[in-house]
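Working notes, beginning with the structure itself.
The values are calculated or read from the model by the stated rules, or taken from the named source; none is laboratory data. In this text, all values refer to a predicted model and were calculated from it rather than measured experimentally. All Cβ positions, even for glycine, are placed from backbone atoms using ideal geometry, and neighbour counts span all protein chains on display.
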Amino acid sequence: MPLTLVSHPDFRYPPSSNPYWARLKNFPECAYCDHTAELNPGKWRDRFLKKFSSSPELHVEIGCNAGHVLIEWATQNPNKAYIGIDWKFKAIHRGAEKAKKRTLENLIFLRAHAERMPFIFGPSEIDQLHLYFPDPWPKRAHWTNRLVTAPQLLIFSKFIKSGGQLEIKTDHIDYFNWMQRQIQEVRHAWRVIEMTEDLHAGHPKPASLDIPEVTLFEKVFIRENIKIHRIRLLRV
């Protein structure tokens, strides 16, 4: 589906024949699907207030898969709130199952398209946004599908608070170089606080790293001696 269509204000998610589409309704406390993910812009912290006495720090991961990293973050940091977004029904269902099994009240999953984030979150609502190994779309004809672009970075800046951060990891050097050029175009909104072509170069045994310090993909890349590139941006 073209990104221009998904990101249009009038876009509506169609009903799905995927069996996990209906099963996600079994997790109303920690999973939102399609249009229901767009009912709380600016109010997501309110969804966590039964857990917290005051407004928590909010972290969001785009492309969270089944929540491998988020589950551990939420377990280790009970004083923070986490939201994971992914478009895959089964992955979000698995994440919700694990969150419910661990009785994690500080974690919510959204089955939604990342391009819909302007309709999901309110201005300056997010403290930290995490984007790990987005599809690099290596063919030039497909570059319009890349998520990290100057226009998209400006969109992200609207719902990340001043002083908040955006963290990006990729194993694709061409995409990493592309990202640097895109960032140069939005220097008024973002300041680079870290940029490295080999994140784990100084670690004595990078293969020993485990979730949540690394992702599942990252563990595979490290095992195959593929360098991990990371960018951390500060919202000015």
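Of (1) under 15 Å from the mean Cα position of the chain (by Cα); (2) surrounded by fewer than 19 Cβ atoms within 10 Å (Cβ to Cβ), Pro138 satisfies all except one. Which?
Of (1) under 15 Å from the mean Cα position of the chain (by Cα); (2) surrounded by fewer than 19 Cβ atoms within 10 Å (Cβ to Cβ), only one is false for Pro138: (1).
Being surrounded by fewer than 13 Cβ atoms within 10 Å (Cβ to Cβ) and either touching a residue at least 40 places away in the same chain (Cβ under 8 Å) or among the polar types (S, T, N, Q) (or both) is the filter here, so list the residues in the stretch 192-209 that pass it.
Scanning the stretch 192-209 gives Ile193, Ser208.
Return the residue satisfying two criteria in turn: it lies in the stretch 47-85 and is closer than 27 Å to Tyr20 by Cβ and of a type in the set (D, E, K, R), and of such residues it is modelled with the lowest pLDDT. Break it down stepwise before answering.
Going through the stretch 47-85, the residues closer than 27 Å to Tyr20 by Cβ turn out to be 47-48, 50-51, 58-75, 81-85.
Next cut, of a type in the set (D, E, K, R) only: 47, 50-51, 61, 72.
Values: Arg47: 87, Lys50: 74, Lys51: 78, Glu61: 98, Glu72: 98.
The extreme case among them is Lys50.
For the stretch 179-222, what are the residues that are in a helix (DSSP H, G or I) and under 21 Å from Gly63 (Cβ atoms)?
Taking the stretch 179-222 first, the residues in a helix (DSSP H, G or I) are 179-184, 206-208, 216-222.
If the condition is that a residue be in a helix (DSSP H, G or I) and under 21 Å from Gly63 (Cβ atoms), then Met179, Gln180, Gln182, Ile183, Leu216, Phe217, Glu218, Lys219, Val220, Phe221, Ile222 are the ones that fit.
Condition first: β-branched (Val, Ile, Thr) and touching a helix residue (DSSP H, G or I) at 6+ places or on another chain (Cβ under 9 Å). Now tell me which residues in the stretch 191-236 satisfy that. Explain how you work it out, then say what you get.
Here is the first cut: in the stretch 191-236, the ones β-branched (Val, Ile, Thr) are 192-193, 196, 211, 214-215, 220, 222, 226, 228, 231, 236.
Answer for the stretch 191-236, where residues must be β-branched (Val, Ile, Thr) and touching a helix residue (DSSP H, G or I) at 6+ places or on another chain (Cβ under 9 Å): Val192, Ile211, Val214, Thr215, Ile222, Ile226, Ile228, Ile231, Val236.
Identify, please: which residue in the stretch 26-67 is in a helix (DSSP H, G or I) and closer than 21 Å to Gln165 by Cβ and is, among those, nearest to the chain's Cα centre (by Cα)?
Of all residues in the stretch 26-67, those in a helix (DSSP H, G or I) come to 26, 34-38, 44-48.
Then keep just the ones that are closer than 21 Å to Gln165 by Cβ; that gives 44-45, 48.
Numbers: Trp44: 15, Arg45: 17, Phe48: 18 Å.
By that ranking, first place goes to Trp44.
Residues to consider are Glu167, Glu97, Glu115; find the one that is more than 22 Å from His35 (Cα to Cα) and either at pLDDT below 95 or surrounded by fewer than 19 Cβ atoms within 10 Å (Cβ to Cβ) (or both).
On the way: Glu97 fails: more than 22 Å from His35 (Cα to Cα); Glu115 fails: more than 22 Å from His35 (Cα to Cα).
So the residue among Glu167, Glu97, Glu115 that is more than 22 Å from His35 (Cα to Cα) and either at pLDDT below 95 or surrounded by fewer than 19 Cβ atoms within 10 Å (Cβ to Cβ) (or both) is Glu167.
It is to be established whether one or more residues within the stretch 76-84 are aromatic (Phe, Trp, Tyr), on the phi < 0 side of the Ramachandran plot and either part of a loop (DSSP other than H, G, I, E, B) or in contact (Cβ under 8 Å) with a residue 60 or more places away in the chain (or both). Even if it seems obvious, please write down each step before you answer.
Filtering the stretch 76-84 down to residues aromatic (Phe, Trp, Tyr) leaves 82.
From what's left, on the phi < 0 side of the Ramachandran plot: 82.
Pick out the ones that are also either part of a loop (DSSP other than H, G, I, E, B) or in contact (Cβ under 8 Å) with a residue 60 or more places away in the chain (or both) and you get none.
There is no residue in the stretch 76-84 that is aromatic (Phe, Trp, Tyr), on the phi < 0 side of the Ramachandran plot and either part of a loop (DSSP other than H, G, I, E, B) or in contact (Cβ under 8 Å) with a residue 60 or more places away in the chain (or both).
Just to be sure I understand, how many residues within the stretch 151-165 are among the charged types (D, E, K, R) and part of a helix (DSSP H, G or I)?
First, pick out the residues of the stretch 151-165 that are among the charged types (D, E, K, R): 158, 161.
Going one step further and asking which of them are part of a helix (DSSP H, G or I), we end up with 158.
Qualifying residue count, the stretch 151-165: 1.
Give the residues of the stretch 74-94 that are farther than 14 Å from Pro212 by Cβ and crowded, with 22+ Cβ neighbours inside 10 Å, sorted by residue number.
Of everything in the stretch 74-94, those that are farther than 14 Å from Pro212 by Cβ and crowded, with 22+ Cβ neighbours inside 10 Å turn out to be Ala81, Ile83, Ile85, Asp86, Ile92, His93.
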